[in-house]
Each structure stands twice: as C-alpha cells, then as structure tokens.
Amino acid sequence: MENTRHSSSFRDPSGYVYMENNLVKRVIYPIYFKQYFALNDSGFFDKLFKNKLLIPHHELEKSTSDVRIQPEQIPFITYPYEWSFKQYKEAALLTLKIQKYSLEHGFSLKDASAFNITFHKGQAIFIDTLSFDFYTDNEPWRAYKQFITHFLGPLLLAKYHGAQSLKLMANFIDGIPMKMLASMLPFKTKLNPFLYSNIHLLTKFEDKHNEDYQGTESPKKLSKKAQLNIITSLYDFIKNLKLREHSEWGNYYDKTNYAKDAFHFKAELISSWVSKLKPKTLIDIGGNDGTFVRRIQYKLESAIVCDVDNNAVDYNFKTVKTNKDYHIIPMVLDVLNPSASIGFNNTERKSFLKRIQHLSPDVTLALALIHHITLSGNVTFNMSANFFASFSNHLIIEFPNREDSWVQRLLNTKGEFKSHFNFYTEENFELAYLQRFTIIEKVSIPNTKRTMYFLKLK
C-alpha cells in the first residue's frame with residue numbers, strides 16, 4: 001500500500017500530509033492532540049466546514065500514537081503566484097475571517113501563510129487543519145507579521161506596481177521581506193496611518209529584532225479586543241483595495257475579429273467535440289475569461305481556465321461566482337513561462353506541468369493561442385506539440401493561418417526577421433503535431449482564416 005509523505009509537509013511538528021492510493025491524508029501527532037480534540041469536540045471544525053471556510057475532513061483511525069484524517073479531495077491545487085488580484089484578496093479576507101472567528105471562540109491561527117489556501121468549488125478554502133492553537137490572554141497574534149508579508153504586502157505591491165507583483169511570491173515562499181516591501185512602496189504610504197503602522201513601523205521594529213510588534217505602543221501584550229480591532233482594520237482596508245491597470249485581453253471577445261456567426265460556430269463545434277468524449281476534466285490554456293468553456297453543453301467535473309492576463313482571470317473569477325460555475329478553476333498562467341517547482345529541494349511546491357500531468361485532463365483546449373506562442377515566443381511547432389502531448393489525452397486546437405489579421409499583425413512586428421517565420425503554415429503545423437497526435441477531425445471556421453483540429457494523443 002502506497003504511503004508517501006507529501007514533499008511540502010515538513011514544517012509543522014504537529015503532523016504531516018501523506019499520499020495513500022492517490023488520496024491526500026493527514027497524520028496528527030500526540031503533541032497536537034489537545035488542540036485537535038478541543039477543536040473537534042467544541043464544534044469549531046464543524047462550524048468552519050458548514051460555512052465553507054475550512055476543507056472538511058473525516059477521521060480514518062485514532063490511537064494513542066496518532067490520529068489519521070482524510071480531507072475532501074481537491075482535484076487541482078493553485079498557488080498564490082497563480083492567483084489574480086481578486087482571488088488574492090479573497091484569500092486574504094478568508095484568513096482574517098478565520099482568525100476573527102478563532103479569537104471569538106478561544107483559538108488563534110498559529111500561522112497565516114498564503115499557501116494554507118487554495119481555490120475549490122468557486123471560492124478560497126483554508127486547507128491546513130493543524131494551523132489552529134489555543135488563544136492566550138493578552139498574547140499578540142503570532143502570525144501577524146506573516147500575514148503582512150504573505151497578504152497585505154503583495155496586495156499593496158499589486159496596487160502600486162501592477163498585478164504582476166503577485167508573482168514575487170514564487171521567489172519569496174516565506175513572504176516578501178519587510179524591508180524590501182517597505183522600500184518598494186511610494187513615500188506617500190508613510191503618511192497613511194494604517195500603512196505606516198502595519199508596514200513602515202513594523203519594518204523598523206523588525207530591524208530591532210522585535211517580531212512581536214502589533215502596531216501598538218505595547219508590543220508584547222495585546223488584549224483580545226485590541227487584536228480584533230486590528231483584524232477588522234486589516235479586513236476593511238484589504239476589502240477596499242483596487243487595481244489601477246487595464247489590459248488588452250480583459251475585454252478580448254468584445255473586439256475579436258470573429259463575426260457573430262463564426263463565433264457561435266466555433267463554440268458549438270467545441271461543445272460537440274467535448275460532449276463526444278464525455279470527459280470529467282478539462283484545461284483551457286489561454287482561455288481568457290472562460291467564455292468557450294461556459295458554452296460547453298456537457299457537464300464537466302472540473303475545468304481549469306488559464307490566462308496570462310490578470311484582468312481576464314479576475315473577470316472569469318467574478319463570473320464563476322455570479323453564474324455559480326463552481327466547476328471552473330481560474331488561474332494566472334504564462335504558457336511561455338509556466339510556474340516552476342520551488343521550495344526546499346525544488347519539491348515543496350510542484351511545477352504547473354507536474355500538477356497538470358498528475359491531473360491528466362481528459363481534454364485540453366488551446367484556442368487562439370498557437371500564433372501567439374509561435375510568433376511572439378519563437379516556440380516551434382514541434383516544441384508546442386511536445387508541450388501539449390506531455391499532459392493532453394485529447395487536444396482541441398485552433399490554427400489561424402498566415403492571412404489571419406492577428407497573424408499578420410504579429411508577423412509585421414518581426415521586421416527584417418519576418419522571413420524566418422515562413423515556416424508558419426498549416427502544412428508544417430500538421431507535420432509537427434502528427435508526430436504526437438492523430439487527427440480525429442479538422443474543420444474550417446466559416447468566414448475566417450482559421451481551422452479547428454480535434455486531436456488524440458498517439
């Protein structure tokens with residue numbers, strides 16, 4: 001029987017996560033029994049489960065040496081550096097909600113890592129069952145600085161420098177350093193009492209090795225009421241944070257070169273092909289706001305929709321909630337630079353490719369993408385075919401030919417190197433992809449210069 005400790009689960013002495021028969025399970029050590037049984041017997045866990053704040057679990061076995069639980073399984077984990085601004089905000093607010101509820105019931109979060117959260121069934125969910133400890137009177141929130149470096153800091157950098165700043169979390173797995181964070185914020189933030197207290201003054205105290213500072217005159221003691229006030233002020237500030245950036249792709253489908261009939265033809269064709277497969281899982285690489293996934297008539301269990309543009313992913317996330325499309329998982333992904341494996345031994349947080357290969361989606365969509373990665377990223381057809389073949393059982397891919405207006409626009413940016421891209425033809429595309437796939441069906445989209453391919457992995 002397979003029993004493998006998860007590569008990311010080594011930091012908490014209270015227990016660990018392991019894999020058994022392809023299921024995620026957790027061991028709880030006796031050192032955490034007192035907290036676990038109090039959380040369980042008081043109804044604290046059940047309340048969080050009911051309100052969809054903490055991933056539900058059930059006990060598998062109990063002994064004097066350990067307790068084993070099995071949480072509800074999450075098909076695909078996304079990390080903070082793969083979230084859009086709105087997703088990141090929701091994760092921050094969820095952490096504060098849980099800390100507030102914990103304080104009100106005699107507990108407290110002992111850590112506030114952004115990696116304790118992922119997205120499941122359309123919303124942020126807390127996934128670290130062992131993050132709770134007993135609250136001690138007048139003791140400051142021990143995870144306060146971690147919350148600043150994992151949540152408030154990245155969100156502020158996104159506000160002032162753009163959503164790309166959130167990707168810094170891939171370089172700073174333990175949170176963005178306070179000194180770096182303070183130095184990157186505009187001078188005017190020092191004139192804001194909230195930001196001065198929670199960022200700049202905290203940085204000064206950190207320099208003096210006083211990590212207990214809570215933004216008050218008495219850093220080593222803090223009443224529960226004062227702590228709840230800090231939580232409320234953080235919540236209100238983050239809730240009102242907004243981005244000041246626009247993008248080309250956020251309203252992509254409002255200005256696409258498709259006529260309405262061609263657009264509907266493409267959507268119906270995709271829906272027909274997907275429905276024939278009867279898949280459980282799907283990934284749309286470069287899926288913008290999820291428009292074509294939503295038009296699929298077949299009911300999918302889960303659909304990951306990736307895009308490089310924050311605003312498109314933000315809009316998709318908002319639409320998931322509005323339409324209750326809880327099977328859709330929006331995420332930020334640059335197909336030319338997918339998330340790498342990071343952390344200790346480069347195994348603590350798995351790469352996008354390892355995670356998607358483990359999921360092994362039944363079908364992959366790559367719509368209006370190949371010309372961008374080929375002509376903007378200089379990725380050859382053989383390279384992109386190998387990329388898709390590494391995780392795709394079936395591939396639905398759209399090929400815009402050389403006469404397509406978007407292709408012409410991209411070619412015209414190449415200047416004297418334009419002739420280098422003479423290989424960009426439908427014939428060469430098919431030759432490369434037929435090395436890894438077989439063509440099930442090929443259909444031209446009426447009134448366009450584009451062709452749809454339905455492929456199966458060899």
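The values are calculated or read from the model by the stated rules, or taken from the named source; none is laboratory data. This structure is a prediction, so every number in the text was calculated from the model and none was measured. No Cβ is skipped: glycine too gets one built from the backbone with ideal geometry, and neighbour counts run over all protein chains shown.
Below are the figures for this structure:
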{"item": "Hey, Gly377 on the phi > 0 side of the Ramachandran plot and not acidic (Asp, Glu) or not", "result": "no"}
{"item": "Phe147 crowded, with 21+ Cβ neighbours inside 10 Å, among the aromatic types (Phe, Trp, Tyr) and within 25 Å of Ile329 (Cβ to Cβ)", "result": "yes"}
{"item": "Residue selected from the range 332-353 under the condition assigned to a helix (DSSP H, G or I) and surrounded by fewer than 16 Cβ atoms within 10 Å (Cβ to Cβ), by the criterion farthest from the chain's Cα centre (by Cα)", "result": "Asn345"}
{"item": "Pairs, first in the same structural domain as Phe421 (by TED's automatic domain parsing) and closer than 15 Å to Thr451 by Cβ in the range 368-379, second among the small types (Gly, Ala, Ser) and outside any loop (DSSP other than H, G, I, E, B), C-beta under 8 Å, six or more apart", "result": "Ile370/Ser384; Thr374/Ser384"}
{"item": "Odd one out for Asn138, checked against (1) modelled with pLDDT under 95; (2) assigned by TED's automatic domain parsing to the domain that holds Ile31; (3) of a type outside the set (Lys, Arg)", "result": "(2)"}
{"item": "Filter pass, Ser405 being free of Cβ contacts under 8 Å to residues at least 12 places away in the same chain, surrounded by fewer than 18 Cβ atoms within 10 Å (Cβ to Cβ), small (Gly, Ala, Ser) and farther than 23 Å from Leu353 by Cβ", "result": "no"}
{"item": "Unmet requirement for Gln87, which otherwise passes all of (1) closer than 20 Å to Met169 by Cβ; (2) modelled with pLDDT under 95; (3) of a type outside the set (D, E, K, R); (4) not in a loop (DSSP other than H, G, I, E, B)", "result": "(2)"}
{"item": "Hey, Gln357 free of Cβ contacts under 8 Å to residues at least 40 places away in the same chain, assigned to a loop (DSSP other than H, G, I, E, B), surrounded by fewer than 17 Cβ atoms within 10 Å (Cβ to Cβ) and touching a Ser or Thr at 6+ places or on another chain (Cβ under 7 Å) or not", "result": "no"}
{"item": "Answer residue from the range 139-160, given it is in a helix (DSSP H, G or I) and over 20 Å from the mean Cα position of the chain (by Cα) and is farthest from Ala92 (Cα to Cα) among those", "result": "Tyr160"}
{"item": "Residue check, Asn316 assigned to a helix (DSSP H, G or I) and at pLDDT below 95", "result": "no"}
{"item": "Hey, Phe132 at pLDDT 95 or above, crowded, with 20+ Cβ neighbours inside 10 Å, touching a strand residue (DSSP E or B) at 6+ places or on another chain (Cβ under 8 Å) and under 30 Å from Leu300 (Cβ atoms) or not", "result": "no"}
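This table checks each residue for (1) assigned by TED's automatic domain parsing to the domain that holds Ser113; (2) more than 28 Å from the chain's Cα centre (by Cα); (3) without any contact (Cβ under 8 Å) to a residue 60 or more places away in the chain.
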{"residue": "Gly43", "(1), (2), (3)": "no, yes, yes"}
{"residue": "Leu48", "(1), (2), (3)": "no, no, no"}
{"residue": "Asn51", "(1), (2), (3)": "no, no, yes"}
{"residue": "Thr64", "(1), (2), (3)": "no, yes, yes"}
